[in-house]
Amino acid sequence: MAKKLEKAEFGKGIRALLANPKQLEQAVQENPQEVVRELTHTVAMLPISQIEANPFQPRTEFDQTALDELADSIRVHGLIQPVTVRRLHDKAYQLISGERRFRASQMAGLHEIPAYVRLADDQQMLEMALIENIQRQDLNAIEVAISYQRLKEECSLTDELLSERVGKQRSTITNYLRLLKLPVDVQQAIKDGELSMGHARALAGVNDIAFQLSLLRQIRQEDLSVRTVEVLIARHQEERLGKKGRTDKRMPDHLRGIQDQFRAYFGAKVDLKRSDKGKGQIVIKFENDGELNRLIDLIEGK
């Protein structure tokens, strides 16, 4: 008879259990709540070849440009937000949520990806375990945000129900969920403890990816306070509003798209100007010598 796993052993042995169908089945029979609880915050690295798409996935079309950008980011940083899968047997899993991340990981050429593993018929226990997980003191803001997102997606909770379940105001939950829309570099900085929740919340209120990344570098280099970041963001938004009336209205969509591509590539403010005759200029702005040197290295391919 297989040795029964005590509570202290679950965290250490859960990955081994996933690879051993008989032991996993025994553990589920003996203590299903503990197995589900551990699975909610245990990230397993699964071979991407063992994961199949969900045939009932309602979303069938994905923006190719956005997928390409996500794949490029994953090649550099890996997959930060795990997908969620349901275990079919020891070498087969079905995707529950995260198909966009799954497809981009395939495009990036990854052989394995991080995943949360669900068991069959664990809905009620999953909800309780995720809520319990959110109450832990050692979670960073991104992990909290992922738990909120999982509750919404996997337990089909509306914002109002989610607010009631976790005892948090809807605005608080919204602030956390917005973090998952930040660039991967910013999310990683939050996970690494380089940014506080105040910094993260301020950056999440900016729609300009290039400016977000530029602020991230400034925060790292100059140890900016949350208040200073908020002032810089307010100034940036005022400048954009002022320029919108003068130039953006006259700029065709395809040129605005090119300008945004330059901004994302350089991680800096870039102004594209073009006359009706096709003449123009590209202006790349920088704040200091360090920023200028970074741009030079980028242009030279270093």
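Scanning the range 60-109 for residues that are outside any strand (DSSP E or B) and either assigned by TED's automatic domain parsing to the domain that holds Ala210 or touching a Gly at 6+ places or on another chain (Cβ under 8 Å) (or both) returns Arg75, Gln81, Pro82. Checked against (1) assigned to a loop (DSSP other than H, G, I, E, B); (2) at pLDDT below 80; (3) over 23 Å from the mean Cα position of the chain (by Cα); (4) within 30 Å of Lys191 (Cβ to Cβ), Asp276 meets all criteria but (4). Of everything listed in (1) farther than 23 Å from Ser163 by Cα; (2) surrounded by fewer than 20 Cβ atoms within 10 Å (Cβ to Cβ), the single unmet condition for Tyr93 is (2).
How about the range 181-216: which of its residues are part of a helix (DSSP H, G or I), free of Cβ contacts under 8 Å to residues at least 40 places away in the same chain, among the aliphatic types (A, V, I, L, M) and over 15 Å from Arg227 (Cβ atoms)?
Val186, Ala189, Ala204, Leu216
Among the residues making up the range 279-300, those that are assigned to a strand (DSSP E or B) and within 17 Å of Ala210 (Cα to Cα) are Ile282, Val283, Ile284. Annotation note: of Glu153, Glu112, Glu132, the sole residue that is surrounded by fewer than 17 Cβ atoms within 10 Å (Cβ to Cβ), touching a Ser or Thr at 6+ places or on another chain (Cβ under 7 Å) and touching a residue at least 12 places away in the same chain (Cβ under 8 Å) is Glu153. Quick check: is even one residue across the range 163-173 within 23 Å of Arg101 (Cα to Cα), surrounded by fewer than 19 Cβ atoms within 10 Å (Cβ to Cβ) and touching a helix residue (DSSP H, G or I) at 6+ places or on another chain (Cβ under 8 Å)? No, that holds for no residue.
The values are calculated or read from the model by the stated rules, or taken from the named source; none is laboratory data. Quantities reported herein were computed from a predicted structural model and do not represent experimental measurements. With ideal geometry, Cβ positions are generated from the backbone for all residues, glycine too; neighbour counts draw on all protein chains shown.
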